[in-house]
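See below for the structure under consideration.
The values are calculated or read from the model by the stated rules, or taken from the named source; none is laboratory data. The structure presented is a predicted model; accordingly, all values stated were derived computationally and were not measured. In this analysis, Cβ positions are derived from the backbone assuming ideal geometry, glycine residues included, and neighbour counts consider all displayed protein chains.
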Amino acid sequence: MVATSTSKLTLKDFIDKLKADHPDFYFKGGQREYWSPETHTITFDRKRPEKEIKFGVLHELAHALLEHKNYSSDLELLKMESEAWHMAAKLGRRYGVRISENHIQNCLDTYRDWLHKRSRCPNCGTHVIQHGPSTYKCFNCGSIWRVSHERFARPYRMTHR
Ligand SMILES: [Zn+2]
Ligand SMILES: [Zn+2]
């Protein structure tokens with residue numbers, strides 16, 4: 001990567017630059033990183049390593065810019081996460097932060113694993129597509145199973161490691 005004047009931004013300069021470039025959003029320290037569409041706030045965990053903070057903030061900013069609010073299925077969440085990571089990688093170039101495709105795929109794998117488990121019929125083991133926001137229905141044996149709402153209630157408040 002070509003070195004630019006932004007390639008060695010301190011965390012403070014990085015956040016200040018983001019604030020200046022995106023005056024519509026608030027950036028503040030908190031327990032973990034997430035984007036709140038209600039308050040237009042991007043929260044990040046100051047205790048984490050600097051690189052992880054930068055990745056996380058760019059990821060949440062991407063959710064914000066993409067106007068992600070809600071999703072109605074697990075697949076839609078996976079799609080949003082993928083979009084957010086790819087936009088974060090693009091945004092990163094402006095701030096001297098390089099997010100590799102490898103890192104993105106690792107992050108998305110945690111969602112893929114999660115989705116894989118949820119979509120497996122507990123009766124016959126067939127993998128099926130989602131039936132409703134919290135239900136799956138097996139086309140093979142007719143079983144219906146419910147999945148937790150946790151991620152729907154707190155869509156972006158999960159870690160992205
Ligand atoms: Zn996300
Ligand atoms: Zn089944």
Inside the stretch 111-147, can you point out the residues that are without any contact (Cβ under 8 Å) to a residue 12 or more places away in the chain and either within 20 Å of the chain's Cα centre (by Cα) or at positive phi (or both)? 113, 116, 117, 125, 142
Taking the condition of being assigned to a helix (DSSP H, G or I) and either surrounded by 13 or more Cβ atoms within 10 Å (Cβ to Cβ) or among the charged types (D, E, K, R) (or both), how many residues in the stretch 107-140 meet it? 11
In the stretch 98-114, how many are more than 14 Å from ligand 1 (Cβ to nearest atom) and either hydrophobic (A, V, I, L, M, F, W, C) or within 11 Å of residue 86 (Cα to Cα) (or both)? 3
How many residues are among the polar types (S, T, N, Q) and assigned to a helix (DSSP H, G or I) when one looks only at the stretch 79-102? 2
Checking residue 63 against (1) over 10 Å from the mean Cα position of the chain (by Cα); (2) buried (at least 22 other Cβ atoms within 10 Å of the Cβ), which single condition isn't satisfied? (1)
In the set 59, 40, the lone residue that is within 17 Å of residue 90 (Cα to Cα) and at pLDDT 90 or above is 59
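Quick grid of which residues meet (1) touching a Phe, Trp or Tyr at 6+ places or on another chain (Cβ under 9 Å); (2) of a type outside the set (S, T, N, Q):
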site	(1), (2)
36	yes, no
47	no, yes
57	yes, yes
138	yes, yes
Condition set of a type in the set (Lys, Arg) and part of a loop (DSSP other than H, G, I, E, B), scope the stretch 34-63, selection farthest from residue 96 (Cα to Cα): answer is 47
